[in-house]
Amino acid sequence: MFLLLLLIIAMFISPYILIPVFAFFALLVLLLPFQFTVNSLFHIFTIPGQIYKIAANKVLRMNHALEHATVNILERKYGYKNLAGYAENNGFFIIGTTNIFHVEQAAREGLALLKKGEKDLAIHRKCGTSISMVNFISSLAFIFLILVTGHFNIMNVLLAVLFANLLGPLLGRFVQRYFTTSADVSEMEIVTSYYAPGQMWNTPGKIFIKTSWIPYL
């Protein structure tokens, strides 16, 4: 609002002041389709490989599911917000809190609930998988629109982004459930939890939950 007011005042004082501003935005509008095309091609060729890499790793999928369950419980039970996390082969990180007691309790509760069959805990709306699906769909839609309409412009960018944000979250949940997480954690146990080493004083808290997977013979 303040910036808009300054622009209005500048327009009345000297319209020529606004020429560089309009020129800058016009350049952005012209360059955006080119940048979006490069990003689209990159996403189309890289995202399927990233999904396959996770889908082929059963242990990583289980840790990913438990990471989501832990974040879901931290948000619902303890009221945490803006948490993040990522899974490894031997456990997972929770980023955004220094309360190791809450994180370990949430992880143990999440593991117990997953073992009881509460598979929805393995899905989280802010998962990177869902973000990747939005990027992937917008990339496909943008390339498709260029091929169909023959127009290389900002309108196709906006239509692709709109379509991706409508469909992306639904596809993201599907891909999470069947490809990037596994709620079958009956053979998984939590070993310990500890603060991630090498943290700086001004960075968000980062806690690691170490897990083990011993398949029944």
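Inside the stretch 98-110, can you point out the residues that are open to solvent by less than 10 Å² (accessible area, probe 1.4 Å) and touching a strand residue (DSSP E or B) at 6+ places or on another chain (Cβ under 7 Å)?
Within the stretch 98-110, 103, 107 meet the criteria.
Since residue 126 meets every condition but one in (1) part of a helix (DSSP H, G or I); (2) open to solvent by 80 Å² or more (accessible area, probe 1.4 Å); (3) at pLDDT below 95; (4) closer than 19 Å to residue 72 by Cα, which condition does it not meet?
Just one mismatch for residue 126, condition (1).
Taking interchain pairs and intrachain pairs at least six residues apart, which have beta carbon atoms under 8 angstrom, with the first residue in the stretch 60-81 and without any contact (Cβ under 8 Å) to a residue 40 or more places away in the chain and more than 15 Å from residue 108 (Cβ to Cβ) and the second surrounded by fewer than 20 Cβ atoms within 10 Å (Cβ to Cβ) and among the acidic types (Asp, Glu)?
Pairs that qualify, where the first residue is without any contact (Cβ under 8 Å) to a residue 40 or more places away in the chain and more than 15 Å from residue 108 (Cβ to Cβ) and the partner is surrounded by fewer than 20 Cβ atoms within 10 Å (Cβ to Cβ) and among the acidic types (Asp, Glu), are 60/88; 81/75.
Which of the residues belonging to the stretch 129-169 are in contact (Cβ under 8 Å) with a residue 24 or more places away in the chain, of a type in the set (Phe, Trp, Tyr) and open to solvent by 80 Å² or more (accessible area, probe 1.4 Å)?
Hits for the stretch 129-169 are 152, 163.
Regarding the stretch 173-189, can at least one residue be identified that is in a strand (DSSP E or B), aliphatic (A, V, I, L, M) and either under 20 Å from residue 74 (Cβ atoms) or free of Cβ contacts under 8 Å to residues at least 24 places away in the same chain (or both)?
First pass over the stretch 173-189, keeping only residues in a strand (DSSP E or B): 188-189.
Okay, now just the ones that are also aliphatic (A, V, I, L, M), so 188.
Remaining after also requiring either under 20 Å from residue 74 (Cβ atoms) or free of Cβ contacts under 8 Å to residues at least 24 places away in the same chain (or both): 188.
Yes.
Please go through the stretch 170-202 and pick out each residue that is modelled with pLDDT of 85 or more and loosely packed, with under 15 Cβ neighbours inside 10 Å.
Correct list: 170, 174, 178, 186, 187, 189, 191, 192, 194, 195, 196.
So residue 114 fits all but one of (1) at pLDDT below 95; (2) within 30 Å of residue 57 (Cα to Cα); (3) out of contact with any His (no Cβ under 9 Å at 6 or more places or on another chain); what number is the exception?
All conditions are met except number (1).
Checking the conditions here, which among 131, 94, 143, 73 is assigned to a helix (DSSP H, G or I) and at pLDDT 95 or above? Show your work before the answer.
Values: 131 fails: at pLDDT 95 or above; 94 fails: assigned to a helix (DSSP H, G or I); 143 fails: at pLDDT 95 or above.
Within the list 131, 94, 143, 73, the selection yields 73.
The values are calculated or read from the model by the stated rules, or taken from the named source; none is laboratory data. From a predicted model like this one, the values you see are computed outputs, not experimental measurements. Heads up, the Cβs are rebuilt from the backbone with ideal geometry, glycines too, and the neighbour counts pull from every protein chain shown. We work out accessible area using only protein heavy atoms, side chains counted, and drop any ligands, DNA or RNA first. Shrake-Rupley method; radii C 1.70, N 1.55, O 1.52, S 1.80 Å.
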